[in-house]
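Presented below is the structure to which this report refers.
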């Protein structure tokens, strides 16, 4: 069997898409982001994590069930002490100091004599009667002060001493937003901290019995609020409250909305759930994306989200930590989006995305956000080609077709399997010529007929027998492909008269072991009109002066598997 150039085949469950960054940051409408998961085996600490933050050096910190995790992008370290248990929250002040809230203690991180960060407790700075508290759920930096919030008390640290603040009920969640410190108080409602006093906001009593877990700036004067109990979202301008319907409303209650939610750089909103992972909606409330275990997320119980200085979204979960690259030009699509098991080609054309597969052509449906099979297409449909703003596919079952929207028409129909196409290529020397690799062997050529507005067959040769991908046209218009036996490369010098190619009158130049080629299965790799021939892990380049192939080094040598074969 001949060797097959394996990288030309994009197969099984994964296809990587490259899209302009502006497209992704605008809508994330095609594909999934790349996710890196970290488990307790990676960082050697508890599975459960509650918070994430980046320091001024770009190092990430995580509130873990057994201490504070530190991650520099390669190495993990765990800060542990008798105090660092059940760590729940971390905040950063304007000087870059990190403050930590945990079970029955509070404090900050500071480098020790060895240069490593260590926890420094501030509990002894509290009055003795205030030192008996449970978990510090949240830490915030606001107006030059640090606020540690427990269930019963809000501890304000000014760098020298604590002020203890209480309310007419237990504290629930808090958030610094629009330059205000907003906090929900159980059985009171949505309140604001003013001069160390908790004051009910206008209309805030509406949330006296509603668990608000999301407080995000919708614009410069309006807050987006998320109610976990009723699964509803609201817009609040500090005077009036209005409903903000979203496509999440039907399942937010069941999924379990949790804090904090995020405003993404593109203006969309991300919500983390206690079940179901992460949901992203646009400013009209339309669902843009769900990131779940099906998409590669390690766990769907997401306890916190944070975007670092590189645009990476970090998600802490009950089962580790995930980094989600929403800032990449690349996304991926797989079988969960409706793709079949083998995909040969992905092509964007006139606002649509197509996939050529073993089972015909699939197209991406914006409404369902899934790939659907194009009705009437079948058979192995490989690489596409474009000509004059039109999209063409070659198919082993159908022949050559032109695709328009969600439909197609035949250019050269295969009748009784008389025109089984492996691949199609457009000539770069004459863009109106199409070369066709035939599954039964040989190469056909078609030429664009201006009068008819379509491609017409012009010639065929069976003196070559190319494998999938074994084709290259050089700058002179010569066609390079494989011969009828293993270890042979053929250069076809086309005979063209009156714009019509005639393979029977063309010149065939044979290259074999006499020209430096091994007598083994050969594959092709062509970059910018330069032909490399692949044999196992060896790469051969062509020297035009000597008419010989010589071994060469290449940056992509590791891509090829010696035992890969054609299919």
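The values are calculated or read from the model by the stated rules, or taken from the named source; none is laboratory data. These numbers were taken from a predicted model, which means no experiment stands behind them. Heads up, the Cβs are rebuilt from the backbone with ideal geometry, glycines too, and the neighbour counts pull from every protein chain shown.
General observations
So that you can scan it fast, the table gives a plain yes or no per residue for (1) assigned to a strand (DSSP E or B); (2) within 30 Å of residue 423 (Cβ to Cβ); (3) free of Cβ contacts under 8 Å to residues at least 60 places away in the same chain:
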site: 253; (1), (2), (3): no, no, yes
site: 280; (1), (2), (3): yes, no, no
site: 290; (1), (2), (3): yes, no, yes
site: 356; (1), (2), (3): yes, yes, yes
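- Checking 378, 371 one by one, the residue that is farther than 14 Å from residue 404 by Cα and either in contact (Cβ under 8 Å) with a residue 40 or more places away in the chain or part of a strand (DSSP E or B) (or both) is 371 and no other.
- Residue 392 meets all of the listed conditions (1) within 28 Å of residue 472 (Cβ to Cβ); (2) assigned to a strand (DSSP E or B); (3) without any contact (Cβ under 8 Å) to a residue 40 or more places away in the chain but one, namely (3).
- Considering residues of segment 470-516 that are at positive phi and surrounded by 13 or more Cβ atoms within 10 Å (Cβ to Cβ) only, the residue farthest from the chain's Cα centre (by Cα): 516
- Residue list for segment 72-97, filter: part of a strand (DSSP E or B) and more than 15 Å from residue 304 (Cβ to Cβ): 76, 77, 78, 79
- Any hit, segment 38-46, residues being modelled with pLDDT of 95 or more, surrounded by 15 or more Cβ atoms within 10 Å (Cβ to Cβ), on the phi < 0 side of the Ramachandran plot and in a strand (DSSP E or B): yes
- Residues satisfying the stated conditions in segment 155-182, i.e. touching a residue at least 24 places away in the same chain (Cβ under 8 Å) and over 24 Å from residue 62 (Cβ atoms): 156, 161, 162, 163, 164, 165, 166, 167, 168, 178, 181, 182
- The set of residues from segment 207-251 being under 23 Å from residue 186 (Cβ atoms) and assigned to a helix (DSSP H, G or I) comprises just one member, 207.
- In summary, residue 311 fulfils each of the numbered conditions (1) buried (at least 21 other Cβ atoms within 10 Å of the Cβ); (2) within 30 Å of residue 87 (Cβ to Cβ) with the single exception of condition (1).
- Criterion (assigned to a strand (DSSP E or B), surrounded by 14 or more Cβ atoms within 10 Å (Cβ to Cβ), under 23 Å from the mean Cα position of the chain (by Cα) and at positive phi) met by exactly one of 276, 261: 261
- Of all residues in segment 337-354, those being free of Cβ contacts under 8 Å to residues at least 40 places away in the same chain, farther than 23 Å from residue 295 by Cβ and in contact with a strand residue (DSSP E or B) (Cβ under 8 Å, 6 or more places away or on another chain) number 0.
- Pair list, Cβ < 9 Å and 6+ apart or interchain, from segment 210-239 residues that are touching a residue at least 24 places away in the same chain (Cβ under 8 Å) and on the phi > 0 side of the Ramachandran plot to residues that are in a strand (DSSP E or B) and crowded, with 23+ Cβ neighbours inside 10 Å: 231/257; 238/223
- Within segment 193-203, none of the residues are in contact with a strand residue (DSSP E or B) (Cβ under 8 Å, 6 or more places away or on another chain), surrounded by fewer than 19 Cβ atoms within 10 Å (Cβ to Cβ) and at pLDDT below 95.
- The listed residue being at pLDDT 95 or above and closer than 30 Å to residue 413 by Cβ, out of 507, 500: 500
- Test: residue in segment 399-410 that is under 25 Å from residue 469 (Cβ atoms), under 28 Å from the mean Cα position of the chain (by Cα), modelled with pLDDT of 95 or more and crowded, with 21+ Cβ neighbours inside 10 Å: yes
- Under the condition of being in a strand (DSSP E or B) and over 18 Å from the mean Cα position of the chain (by Cα), the residues counted in segment 317-342 number 3.
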